[in-house]
Every structure is written in C-alpha cells, then in structure tokens.
Amino acid sequence: MWPTIKQQIKQWETVLFIAPSIAGLVILGSNAGLFRMLEWASQDQLFRLRPKESVDERIVLVTIDEPDIKYVKQWPMSDRVMAQLIRNIKAQQPRAIGIDIYRDLVVEPGHDELVEVFKSTPNLIGIEKIAGNPIAAPPVLDKLSQVAANDVLLDGDSKIRRGIILLGKPDGTRKQGFGVKLALMYLAQDGIKLEPINPDKKIYGLGKAKFVPLSSNDGEY
C-alpha cells in the first residue's frame, strides 16, 4: 500500500510541477509577443493559399510613377495638373473618387482651378494624416467634409494587415478611414448605408452584414 501511495504522490508532484511551468511559459511567450508572431505568420500563409481573386472591374487605380513625373516636369504636380487629372477622371462618371495625395500646400500655377474642381465634385474624397506628424487636408475639402484619414497601422513586423475604420483627432472629432469613406459613398448609391442595430452595444448593420465590437478575449486577428 505504501509504495502505491508514494507512486501517486510522485505522479501529483509531476503534475503540480508541469502545469505551472506550462502556464508560466504561455504567459512569458504571450508577453514576449511569440504567439502574436506565430499568428501573423499563420494568417499570412492562409492568405497566400487562397484561390486567386478575379480583378474587380468596379475599381480603377490611377497611379503616378516616374515617367508621369518626367512628363509633367514638376513634383509635386501643380494644382493645374491635378485639377485636369480630376476632371479627366470625373468625365468617366465614377461613383466615388479618392485622391490619395497630400495637398496641404498650394502648388501654383492653377490653384483657383483646383479649388473650383474641389467645390464642384461632391463625390471626391481627399486625405489627411492624423497620427504622428499630422498633415492637414485641403482646406476646401475639409470645409465640405470630404476628407478621410489615410494613416496606416503597422504591426510589430512592419507589415500592414489592418485598415482604419475611425480615427480620433486631438480636438475630439473623428475621421473615417480613407477606404471606409470611399466604400460607404459607393454603397450609398445602392441604398446600402451604415445603420445602428444596437447603439448601446455599438452593433451596426451594413446591408446584410452585421458588425459587432471585439470583446476583451478576442485576439488581434
């Protein structure tokens, strides 16, 4: 009987030693960001393994590269060139236009032209940078509430995996993220709007989708 009791005690000693050790390692790894790195790597791999998505023809990106800069012979481009660029895009009758270029300063010639284009294009969204070193929005677009935040969130490995929905400003106001504001403007023409389902619990609906806040036990991804 006594050997049996001693054996059981040894077994419990092993359990009592292993359980706290594992718990300690889990806590240590969590605080060190080890599991976060594994989670990022797993998520990235899952995205790589997804079937390739077809190009959405409803979205058009107009980029500016080195040949374009050589063509206009000025960077930043003048207000006149930007005004003409917006007019060319506007002629295609898009639902929404997003200008992902900071324009907090006047770049002559053509500032009056650009201001007039801003005023006459209600589906145009400009940008501002809020966090870190702020960069103001074009004053005209700011007065018209046609501005979104284009700040980005970098994860610990310097990669971008998240987008901003809302971003608070030092004055207490909040700005929608650039992509969010453009998407809502696009969907509004289909009668799809962001509507409160349960404002107290911050639950909102967008068409058939329902958005529920993350709980304290939810992971980052």
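No value in this document is a laboratory result; all are computed from the given coordinates. Since the model is a prediction, treat every value here as computed from it, not as a measurement. Quick reminder, even Gly has a Cβ in these numbers, built from the backbone with ideal geometry, and neighbours come from all protein chains shown.
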Quiz prompt | Residue order, fewest to most beta carbons within 10 Å, for T173, T121, T63 | solution = T63, T173, T121
Exercise. Would you please state which residues of region 184-221 a label at L153 would reach in this model, taking the label point 7 Å out along Cα→Cβ and a backbone N cut-off of under 15 Å?
Key: 212-221
Quiz item: In which sequence would K73, K169, K208 go, from the one with the fewest C-beta neighbours within 10 Å to the one with the most?
Solution: K208, K73, K169
Quiz item: So if R0 is 41 Å, what FRET efficiency would L144 and K73 give, r being the distance between their Cβ atoms, rounded to the nearest 0.05?
Solution: 0.85
Practice problem: Place a label point 7 angstrom from the Cα of R50 along the Cα-to-Cβ direction, then list the residues of region 140-183 whose backbone nitrogen is under 15 Å away. | Solution: 160-163
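Express in % the proportion of alpha carbon pairs of region 148-202 at distances exceeding 14 Å. Present the calculation step by step, with values, prior to reporting the outcome.
Values: 988 of 1485 pairs.
Taking all Cα-Cα pairs of region 148-202, the fraction more than 14 Å apart is 67 percent.
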Exercise. Specify which residue in the list V212, G191, S145 is farthest towards the positive end of the charge dipole of region 105-221, using unit charges on the beta carbon of Lys, Arg (+1) and Asp, Glu (-1), about the Cα centre.
Key: V212
Practice problem: Figure the gain on full extension for D100 and D65 (residue separation times 0.36 nm, minus the Cα-Cα span) and round it to one decimal in nm. | Solution: 11.2 nm
Self-check item: Between region 50-102 and region 118-161, the Cα center-to-center distance that results, in Å
Solution: 16
Self-check item: Label-point separation, A41 to Q189 (7 Å along Cα→Cβ), nm
Solution: 4.5
Exercise. For every other residue with a beta carbon closer than 13 angstrom to the beta carbon of Y186, add +1 if it is Lys or Arg and -1 if Asp or Glu, then tell me the sum.
Key: +2
